[in-house]
Amino acid sequence: MGKRRRVAERRRARPVVLGGVAAVVVIGAGVGGYALYGSGAAAEDGGRAGSTADHKPVKTGPLTATEVRTAATRFLTAWQRGRTTQAAAATDDASGATALLAGYTKDAHLQNVKITAGTAAGPKVPFSVRATVSYRGISKPLAYDSALTVVRAESDGKPLVGWHAAVLHPDLADGDRLVTGESGTPPVTALDRNGGKLTTAAYPSLGAVLDGLREKYGKLAGGKAGVELRVLRGAASKKAKLSDKTLQELSQGTPGTVKTTLSPALQDLAEQKVAKSDHASVVVVRPSTGEILAVANTGHGFDAALQGSLAPGSTMKVITSSLLIEKGLASADKPHPCPKTFTFGGWKFHNDDDFEIKGGTFKASFARSCNTAFISQAGKLKNDDLTKQAEEVFGLSRNNWAIGVPSFDGSVPVQSAAQMAASLIGQGGVRMNPLNMASVAATVQAGSFHQPYLVSPSVDHRKLATASRTMSAGTLSQLRELLQYTAAYGTAAEAMSGLGPDYGAKTGSAEVDGQKKPNGWFTAYRGDLAAAGVVQAGGHGGDTAGPIVAALLRAGG
């Protein structure tokens, strides 16, 4: 009787093509399934039945197309049919997959799931999902694309789906989950500094910013929560300062209103400029106040401009120069060594194309971005000198900025030997983002650190971070001279052409392991505007990030 039922169900099912072979049955979840491979028992327990399985040798080597297709089909079909245990058994993390797959129906209230598999590319299989979100009499459709990767199990070499939360939905990080219900946070209407409405339709880069504003100010702004399907962040995502994310709104709440410091003109221009480069990010701030006037990223997912953690390359030399000048190890117009190479801590450091400057000043080395001019001074510094300079003067690396949305405050760890020397030129363990480096330029322009912020602290009475000291007048004057000379005659001159004389800039290129081209950095100020940008894998900062930053400084007047 069971055999006749399975045969009948085969006749009713409509297959979907996976890599040119009929593979996944597209029907609503909850409808009875059937055995795709081998006996019914094998299908029901994820293909683990059989008394001789434990005696077979572990299979190794690249996966075949058949193995990929079989593993993907087993998982997707079981998931689609609502067979949580069977689907989880088709992964390499059955317990983790079980929890999320069960929550897909129980917590996220997703029904009528239909999965369509695409053509496999090696072990990776893309697929699309269509489902219905139903909660308390309200239903709305949901559609999205995802992908899975087939791997070999370590124990027996069996092809299984490599489990990560992103398989279930691409916006999920491991530890996150999907939930449908009354949102814990009311929606907000975010406004620019002129009172205009900020939306992702007008400003695609602001998705993460708007999510962060809602999480921070939803309740304070006086709104009322609606009903929605959302990504509820887990511990790891919260540690990474990721905000909950709305995927589908079933019923609207009543939004509150929160005003930001963003300039609509500069934000619009920033969006346009980063869109012309791959993986570009930029931030504009007002040095005299710390107000953030624009923030934009090429990619509209992770907010690299505010939360990125990247080696800043030679833009870090702004901070290092202030340290060397304070300690009497460098002076703008005095002679300073710039050899082709310099060895410290067992590492041999090079200049770009191994150039050297004979008989030059520190200003000339800074403007040309001579690495060895800085590395040569490493032996005269303590391991924590650069860390203290970044923290005490520039307000960085203390994890205490409160800008109004999640952000990364930069990191300048205490290091020793070669790593300490590398940190002087923005490599080693130093990590920054455009927000941090825009603040560095702003600190030089203003003469003291003003913590950047996107929402006025008067809205929620939060305390902004402060620096414990300022540079001496002499150090500040020399530092401005270095930046101005670089903008006029150095590596930043082409990008900053026509923007003087009240300006300063520094370029940077940060090497990244396994990346053909370095990340291109640029930080600069003009009048009461400061900005910084990065183009990942873009090459030299003056050619890539420089034009983006300069265009924003030019537009700001």
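Here are the numbers:
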| quantity | calculated |
| --- | --- |
| Label-to-label distance, nm, for residues given as Glu494 and Lys348 (7 Å Cα→Cβ offset) | 2.9 |
| Selection from Thr180, Leu424, Tyr217 lying farthest towards where the dipole of the chain points positive, charges on Cβ | Thr180 |
| Filter on Lys382/Lys506; Lys317/Lys380; Lys241/Lys317; Lys327/Lys363 - keep pairs with C-alpha separation over 19 Å | Lys382/Lys506; Lys241/Lys317 |
| Fraction of beta bridges assigned by DSSP in region 62-217 that are antiparallel (%, nearest 5) | 95 |
| Local net charge near Leu101, Cβ-Cβ under 13 Å (Lys/Arg +1, Asp/Glu -1) | +2 |
| Helix axis angle, 2-12 relative to the chain longest principal axis, alpha carbon, degrees | 60 |
| Considering only region 188-260, percent of DSSP beta bridges that pair antiparallel, nearest 5 | 65 |
| Gyration tensor verdict on region 169-309 (Cα atoms; rounded if a/c is under 1.5, prolate if a/b is larger than b/c, oblate otherwise) | oblate |
| Out-of-range pairs (alpha-carbon distance over 25 Å; input Lys106/Lys245; Lys219/Lys239; Lys219/Lys245; Lys124/Lys239) | Lys124/Lys239 |
| Normalised contact order of region 188-260, rounded percent, pairs of Cα under 8 Å and 6 or more residues apart | 43 |
| Spherically averaged projected area of region 272-429 from its Cα convex hull (nm²) | 10.7 |
| Kirkwood-based shape ratio for region 371-421, expressed as Rg/Rh from alpha carbons | 1.08 |
| Ranked list, fewest to most other Cβ atoms within 10 Å of each Cβ, for His164, His169, His350 | His350, His164, His169 |
| Sites Lys140 and Val512, calculated FRET efficiency, Cβ-Cβ separation with R0 41 Å, nearest 0.05 | 0.45 |
| Approximate spin-label separation Ser309-Val414, in nm, with each point projected 7 Å along Cα-to-Cβ | 2.0 |
| Antiparallel bridge percentage (DSSP; both residues within the chain; nearest 5) | 90 |
| Helix axis angle, 545-555 relative to the chain longest principal axis, alpha carbon, degrees | 70 |
| Linear extension gain, Ala99 paired with Arg462, 0.36 nm per residue minus alpha-carbon span | 126.9 nm |
| Span per principal axis, largest first, for the Cα atoms of region 265-555 (Å) | 51, 38, 38 |
| Whole-number percent relative contact order across region 334-458, with pairs defined as alpha carbons under 8 Å at least 6 apart | 22 |
| Three-way shape call for region 428-544 based on the alpha-carbon gyration tensor, with the a/c threshold at 1.5 | oblate |
| Region 164-238 and region 310-365: distance between their alpha carbon centers, rounded to Å | 44 |
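Read the figures in this text as sums done on the coordinates, not as results from a lab. The shown structure was predicted, so the numbers you read here are calculated from the model rather than taken from an experiment. Heads up, the Cβs are rebuilt from the backbone with ideal geometry, glycines too, and the neighbour counts pull from every protein chain shown.
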